[in-house]
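The values are calculated or read from the model by the stated rules, or taken from the named source; none is laboratory data. Here the structure is a predicted model, which is why all the values come from computation and not from measurement. Counting neighbours? That spans all protein chains shown, and the Cβs are built from the backbone with ideal geometry, glycine included. To get the accessible areas, we keep the full protein, side chains included, count just its heavy atoms, and leave off ligands, DNA and RNA. Shrake-Rupley method; radii C 1.70, N 1.55, O 1.52, S 1.80 Å.
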Amino acid sequence: MNRMIVLASRPIGMPTKENFRMEYSSIPEISDGQVLIKSIYLSVDPYMRGRMSGIKTYIDPFEVDKPLVGGVVGKIVDSKNPSFKVGEFVEGRLPWADYSISSGKNIRKIDPKLAPISTALGVAGMPGLTAYFGMVDIGKPKAGETVVVSGAAGAVGSVAGQIAKLKGCRVVGISGSQEKIDFLINELGFDAAINYKSNNLFSALKEACPNGVDVYFDNVGGEVSDLMMKLMNFHSRIVLCGQISQYNNTEIEYGPRFQGKLVTHSILMQGFIVSNYVKRFNEGYEQLGKWIQEGKIKYRETITDGLENAPDAFIGLFKGENIGKQLVRVVKED
Ligand SMILES: NC(=O)c1ccc[n+]([C@@H]2O[C@H](COP(=O)([O-])OP(=O)(O)OC[C@H]3O[C@@H](n4cnc5c(N)ncnc54)[C@H](OP(=O)(O)O)[C@@H]3O)[C@@H](O)[C@H]2O)c1
């Protein structure tokens with residue numbers, strides 16, 4: 001039997017379990033050129049919230065009553081495609097299901113000898129690439145500069161901050177719990193970390209950044225980022241990676257108008273989507289793989305067991321329940 005999670009209805013505001021439903025079918029049969037993949041890990045990602053809204057952006061929305069699709073690591077269990085052998089591990093955008101079929105075009109092989117296969121969805125996968133290209137290509141941190149990362153203890157933020165450390169910067173993380181602050185400072189080597197839920201956020205930020213801020217890697221937006229604007233230096237760079245604080249809003253939130261400061265301080269503010277860099281993905285995979293193997297980039301995963309618990313894991317992203325990459329383990333690796 002094959003289980004799959006479908007979008008039962010479009011969330012309004014914070015997603016709830018009622019927006020998801022488990023459906024059952026037989027295990028699909030493959031045709032010539034196809035492979036059958038058994039899912040091992042699913043990735044739950046904040047961008048999926050946008051796809052649930054039914055609005056086309058850079059990517060098509062999910063359809064109601066159709067399976068959700070996201071990053072999956074799995075094993076080939078049947079193959080009629082000469083490029084893939086039974087037993088090989090692959091990663092790709094696949095349905096949230098126990099089993100799925102691929103023509104081979106939307107999957108890449110992963111080598112379990114290089115790193116644990118789960119990392120292909122996190123530090124050595126899409127979130128790692130996002131941190132790498134956003135920080136290196138747009139943030140362009142230089143030794144001695146001050147870099148602030150919001151959403152710092154998450155999949156992207158934790159890698160982005162460590163890359164800035166490798167470039168010789170003072171790195172300050174913003175995150176939502178004391179456990180995450182301890183993780184950033186004690187495990188990842190950030191110079192300072194601040195809980196945005198505490199009082200006096202602005203004075204804490206000012207104290208942590210006595211020379212102002214040269215690069216702000218923004219994963220969250222909203223009021224945290226409004227405060228950050230006040231600290232940005234001349235010729236600083238703001239990397240707009242994500243705005244998770246806004247994803248469940250039912251109305252557009254208005255904030256201060258800071259275009260004037262962008263002008264007077266010659267600040268670059270640039271949004272990006274990791275797929276803009278698809279032609280350079282191999283460079284990103286190689287560099288991240290090297291840093292991970294050398295122990296220069298550390299990572300954490302939060303693993304939820306059971307396909308049936310994927311909706312809870314997804315909703316948990318918006319409550320800050322994960323440290324590092326949030327994954328769902330569909331089956332124990334065999
Ligand atoms: N541009 C791209 O191509 C691209 C690619 C991947 C991801 N992204 C974006 O990057 C960001 C991080 O993604 P990720 O996969 O690494 O997720 P993540 O950071 O691992 O998980 C989400 C985290 O966001 C924080 N959060 C949730 N609601 C918040 C709120 N209202 N205000 C402030 N923080 C909040 C929570 O941590 P706290 O405990 O700290 O609140 C939560 O743990 C997201 O905005 C995502 O959309 C962009």
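Averaging 1/r over each pair of different alpha-carbon atoms in the stretch 71-125 and inverting the result gives 11.5 Å, the Kirkwood hydrodynamic radius.
The overall shape of the stretch 90-185 is prolate: from the C-alpha gyration tensor, with semi-axes ordered a ≥ b ≥ c, the ratio a/c is 1.5 or greater and a/b exceeds b/c. GNM remark for the chain: springs join alpha carbons under 10 Å apart, and the peak mean-square fluctuation among 195, 19, 276 falls on 276. Each principal axis of the Cα cloud of the chain was taken in turn, and the coordinate range along them, longest first, works out to 61, 44, 34 Å.
Straight Cα distances below 18 angstrom link residue 56 to the lysines 66, with same-chain residues fewer than 8 positions distant left out. In this structure, the pairs whose alpha-carbon distance is over 32 Å, taken from 75/167; 38/140; 75/290; 75/197; 290/332; 105/142, are 75/167; 38/140; 75/197; 105/142.
Quantify, in whole percent, the carbon and sulfur part of the accessible surface of the chain (1.4 Å probe; protein heavy atoms only). Please list the in-between numbers first.
On the way: 7980 of 15460 Å².
Carbon-and-sulfur percentage of accessible area, whole number: 52.
Cα centroid separation, the stretch 7-31 to the stretch 234-253: 28 Å. When chymotrypsin sites (Phe, Trp or Tyr not before Pro) are flagged only if DSSP places them in a loop and at most 14 other Cβ atoms lie within 10 Å, the longest unflagged stretch of the chain comes out as 59-253.
Looking at the calculated P(r) for the stretch 1-70, what percent of the C-alpha pair distances fall above 16 Å? Write down the numbers at each step before the final one.
On the way: 1344 of 2415 pairs.
Everything past 16 Å amounts to 56 percent.
With +1 on each Lys and Arg Cβ and -1 on each Asp and Glu Cβ, and nothing else charged, work out how big the dipole of the chain is about its Cα centre, in Debye to the nearest 20.
Numbers: 39 positive and 36 negative charges, 147 e Å.
So the dipole magnitude of the chain works out to roughly 700 debye.
Please work out the Cα center distance from the stretch 149-177 to the stretch 264-283, rounded to the nearest Å. After rounding, the separation between the Cα centres reads 17 Å. When the alpha carbon gyration tensor of the stretch 126-275 is reduced to an equivalent ellipsoid, its three semi-axes come out at 20, 18, 17 angstrom, largest first.
The lysines within cross-link reach of residue 325, meaning a Cα-to-Cα straight distance under 18 Å and a gap of 8 or more places when in the same chain, are 180, 296, 298. The GluC sites (Glu not before Pro) found in the stretch 5-34 that occupy coil by DSSP, while having at most 14 further C-beta atoms within 10 Å, are 29.
Each Lys and Arg Cβ is given +1 and each Asp and Glu Cβ -1; about its Cα centre, the stretch 288-332 then shows a dipole of about 300 debye. Sparsely packed loop sites in the stretch 246-334 (the trypsin sites (Lys or Arg not before Pro) outside DSSP H, G, I, E and B with at most 10 other Cβ atoms within 10 Å) comprise 257, 319, 332. Note that the chain presents 46 Å² accessible area per residue, ligands and nucleic acids not counted, probe 1.4 Å.
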